[in-house]
Amino acid sequence: MFWDSFKATKRLSELEEELSKLKRIVEERDLDWQDMRARCRRLLDRTEKAADRISEEANGNDVVTHATDGAETNDTGLAGLVHHALTPRQRAVQAMVLKQRQGGR
């Protein structure tokens, strides 16, 4: 009888350890899921902002074109990537700065 209770106690402690391991794993997965959800939300926000920016550019394209008339734009390489990341106002200012750097040509 003593051995039976010892075996049951030992088995119970093993099951408790296993349960605590599983709880830690589930908590870790929950944190991973929350992190992934936050990343997806940030990515979606960036995508929506980019879409809004593109639609604003399409609606206000005349202002940008007028502000950058006569300025050469180079949309290749890293300069092109930076150029597309700028707002229309920033692009106009950048075009004026580049024009001045080129000697006002």
Checklist line | Residues of type lysines that Lys21 reaches as a straight line, Cα spacing below 23 Å, ignoring anything fewer than 8 places off in the same chain | finding: Lys7, Lys10
Notebook entry, point to check: Can you tell me the Rg and Dmax of the stretch 1-59, counting just the alpha carbons, in angstroms?
Noted result: 25.5, 86
Item checked: Label-to-label distance, nm, for residues given as Arg41 and Lys99 (7 Å Cα→Cβ offset) -> 4.4
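No value in this document is a laboratory result; all are computed from the given coordinates. In this text, all values refer to a predicted model and were calculated from it rather than measured experimentally. Note: ideal-geometry Cβ built from the backbone for every residue, glycine included; neighbour counts use all protein chains shown.
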